[in-house]
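See structure below.
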Amino acid sequence: MSQASAASESTRLKMPVPQRAKILLVDDRPENLVTLEAILEDLGEDLVRASSGREALRQVLNHDFAVILLDVKMPDIDGFETAALIRERERSRHTPILFLTAHRDDEHLFRGYYAGAVDFLFKPLNPEVLRSKVSVFVELAKKNELLRVHAEVLESRNAELERTVAERQKAEEHVRQLNAELERRVAERTEELRRSNDQMREFTYAAAHDLQEPLRTVASYAQLLAARYRGKLDADADEFITFVVEGVQRMHVLLKDLLAYSQTANSDTAIHGQANLTSVLAKVIHSLEVTLRESSAEITHDPLPTVHGDPLQLGQVLQNLISNAVKYRSLESPRIHVAAERCGNEWVCSVKDNGLGIDPQYKELIFGIFKRLHGKQYPGTGIGLALVKRIIERHGGRVWVESEPGQGSQFFFALPAD
Ligand code: ADP
């Protein structure tokens with residue numbers, strides 16, 4: 001790898017570029033050192049001098065060299081001994097050593113290689129050969145340094161990544177625990193709510209049921225009072241008797257509706273059977289005959305399906321929706337249409353009227369128990385649509401309404417199709 005390409009590789013990886021390489025020149029003769037420096041100067045690397053084997057050893061203790069040029073013939077410690085000592089040191093064990101010698105005999109070469117030489121350069125030195133051999137080692141050293149630095153950076157990035165992964169795993173575990181805790185609490189609260197709902201429904205049913213008996217007594221005595229004393233006491237007394245009788249009648253209707261609602265609401269038994277909606281509707285029309293005739297209501301219907309369901313309960317649904325369509329009529333005579341359409345795996349049925357219509361902001365509210373949009377001029381208990389909703393939901397369906405004030409209403413209920 002050239003210096004330029006090493007630099008661009010390092011820039012890509014955002015890593016430090018290796019410094020200039022160090023070359024150790026070892027020769028006891030200063031004029032030889034000067035010659036070596038003159039030849040190698042062009043390489044642009046750091047040239048470090050040592051004029052003896054000892055000095056060379058000192059240098060290798062303190063620096064890392066790309067290559068060592070070692071004169072063989074030196075007083076005191078010669079080149080071979082110096083090389084052997086360099087090899088002994090951990091830091092310089094693998095530093096390439098080029099011997100500079102005038103001898104080409106085999107024994108000489110063998111001693112050199114044995115001492116750790118990687119190559120020989122013979123005197124007189126050929127500057128070109130010297131430069132190219134040295135630059136090969138310099139490049140090798142730089143490449144090694146670059147690899148080492150890259151390995152270090154990658155290792156630290158890896159460690160950082162492992163830390164991040166571990167932290168994320170810890171955070172995920174924490175979230176899992178929180179979720180589990182939340183789910184447990186929600187399940188607990190749902191169970192509590194279900195229990196208190198059940199108790200509430202049972203209480204409502206019991207109260208509505210038990211109030212019927214005393215109400216029957218009040219009703220019969222109020223009717224007795226009316227029959228015996230109307231017109232015989234003063235005008236106020238007649239009015240009071242009328243209030244009592246009407247109040248009792250209202251209460252009777254309320255208890256009847258409440259009982260019907262809590263009976264359906266309390267029931268958890270599975271729905272069995274098939275309901276032919278055409279004949280269910282026919283029965284409803286028959287039972288509402290008087291009301292429909294009195295209000296001159298016109299009622300039409302599409303071909304209706306047979307669905308999985310309880311005919312009595314679905315009859316109650318149609319009855320509530322149709323009697324509401326008559327009750328909340330506009331000035332025109334009521335025109336009511338019952339439709340059914342297969343949509344995917346559902347039957348979407350609807351009861352459409354041309355009545356007063358409903359402000360869209362109340363289209364959810366009206367399905368709540370005791371929720372009414374109209375006053376006393378329209379008799380009612382506010383239970384009819386709540387009962388419709390409960391019955392349809394027990395059949396695995398859903399209810400909704402589309403309406404605008406003055407535009408009539410269309411009540412929908414969707415039931416699962418077979
Ligand atoms: P209610 O006994 O009051 O009729 P419901 O539960 O049947 O009770 O209906 C709730 C309220 O929804 C009614 O009081 C009325 O205000 C409104 N509503 C129901 N059906 C219709 C309809 N077809 N057109 C207009 N308003 C309606």
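Is it fair to say residue 382 is within 9 Å of the ligand (Cβ to nearest atom), in a loop (DSSP other than H, G, I, E, B), touching a residue at least 12 places away in the same chain (Cβ under 8 Å) and surrounded by 19 or more Cβ atoms within 10 Å (Cβ to Cβ)?
Working: within 9 Å of the ligand (Cβ to nearest atom): yes; in a loop (DSSP other than H, G, I, E, B): yes; touching a residue at least 12 places away in the same chain (Cβ under 8 Å): yes; surrounded by 19 or more Cβ atoms within 10 Å (Cβ to Cβ): no.
In short, no.
Within the stretch 359-370, is even one residue more than 22 Å from residue 334 (Cα to Cα) and in contact with a Pro (Cβ under 6 Å, 6 or more places away or on another chain)?
No; the residues of the stretch 359-370 include none that is more than 22 Å from residue 334 (Cα to Cα) and in contact with a Pro (Cβ under 6 Å, 6 or more places away or on another chain).
Consider residue 396 carefully, then state whether it is more than 9 Å from the ligand (Cβ to nearest atom), small (Gly, Ala, Ser) and modelled with pLDDT under 95. So that I can check it myself, show each step before the final result.
On the way: more than 9 Å from the ligand (Cβ to nearest atom): yes; small (Gly, Ala, Ser): yes; modelled with pLDDT under 95: yes.
The answer is yes for residue 396.
Are any residues in the stretch 336-353 more than 36 Å from the chain's Cα centre (by Cα), of a type outside the set (D, E, K, R) and either within 10 Å of the ligand (Cβ to nearest atom) or at positive phi (or both), and if so, which ones?
336, 351
Considering only the stretch 264-319, state which residues are without any contact (Cβ under 8 Å) to a residue 12 or more places away in the chain and either exposed (fewer than 12 other Cβ atoms within 10 Å of the Cβ) or touching a Lys or Arg at 6+ places or on another chain (Cβ under 9 Å) (or both).
Of everything in the stretch 264-319, those that are without any contact (Cβ under 8 Å) to a residue 12 or more places away in the chain and either exposed (fewer than 12 other Cβ atoms within 10 Å of the Cβ) or touching a Lys or Arg at 6+ places or on another chain (Cβ under 9 Å) (or both) turn out to be 268, 269, 270, 286, 289, 290, 293, 294.
Being in contact with an Asp or Glu (Cβ under 9 Å, 6 or more places away or on another chain), within 13 Å of the ligand (Cβ to nearest atom) and part of a helix (DSSP H, G or I), is that true of even one residue in the stretch 354-365? Can you show your working first?
Step one: list which residues in the stretch 354-365 are in contact with an Asp or Glu (Cβ under 9 Å, 6 or more places away or on another chain), which gives 354-355, 357-360, 363.
Going one step further and asking which of them are within 13 Å of the ligand (Cβ to nearest atom), we end up with 354-355, 357-360, 363.
Then keep just the ones that are part of a helix (DSSP H, G or I); that gives 360.
The answer is yes, given that some residue of the stretch 354-365 is in contact with an Asp or Glu (Cβ under 9 Å, 6 or more places away or on another chain), within 13 Å of the ligand (Cβ to nearest atom) and part of a helix (DSSP H, G or I).
Do we find that residue 379 is more than 16 Å from residue 278 (Cβ to Cβ), in contact with an Asp or Glu (Cβ under 8 Å, 6 or more places away or on another chain) and of a type outside the set (D, E, K, R) in this structure? Talk me through it step by step, then tell me what you get.
Values: more than 16 Å from residue 278 (Cβ to Cβ): yes; in contact with an Asp or Glu (Cβ under 8 Å, 6 or more places away or on another chain): no; of a type outside the set (D, E, K, R): yes.
So residue 379 does not fit the description; no.
Within the stretch 386-408, is even one residue without any contact (Cβ under 8 Å) to a residue 12 or more places away in the chain and not in a strand (DSSP E or B)?
yes
Report, by residue number, each residue of the stretch 128-165 that is free of Cβ contacts under 8 Å to residues at least 60 places away in the same chain and among the small types (Gly, Ala, Ser).
Taking the stretch 128-165 and keeping what is free of Cβ contacts under 8 Å to residues at least 60 places away in the same chain, we get 128-129, 132-133, 136, 144, 147-148, 151-152, 154-165.
The answer is 132, 151, 156, 159.
Taking the residues in the stretch 314-335 that are away from the ligand (no atom under 14 Å from the Cβ) and assigned to a helix (DSSP H, G or I) as candidates, determine which candidate is nearest to residue 299 (Cα to Cα).
Result: 315.
State which residue is surrounded by the most Cβ atoms within 10 Å (Cβ to Cβ) when the search covers only the stretch 43-72 and only residues that are farther than 20 Å from residue 20 by Cα and touching a residue at least 40 places away in the same chain (Cβ under 8 Å).
Within the stretch 43-72, the subset farther than 20 Å from residue 20 by Cα is 51-55, 57-58, 70-72.
Retained after the next criterion (residues that are touching a residue at least 40 places away in the same chain (Cβ under 8 Å)): 70-72.
Numbers: 70: 29, 71: 26, 72: 23.
Of everything passing the filter in the stretch 43-72, 70 is surrounded by the most Cβ atoms within 10 Å (Cβ to Cβ).
Looking only at the stretch 385-401, which residues are surrounded by fewer than 16 Cβ atoms within 10 Å (Cβ to Cβ) and either more than 20 Å from residue 345 (Cβ to Cβ) or basic (Lys, Arg) (or both)?
398
The values are calculated or read from the model by the stated rules, or taken from the named source; none is laboratory data. These numbers come from a predicted model, not from an experiment. Reconstructed Cβ throughout: ideal geometry from the backbone, glycine too, with neighbour counts over all protein chains shown.
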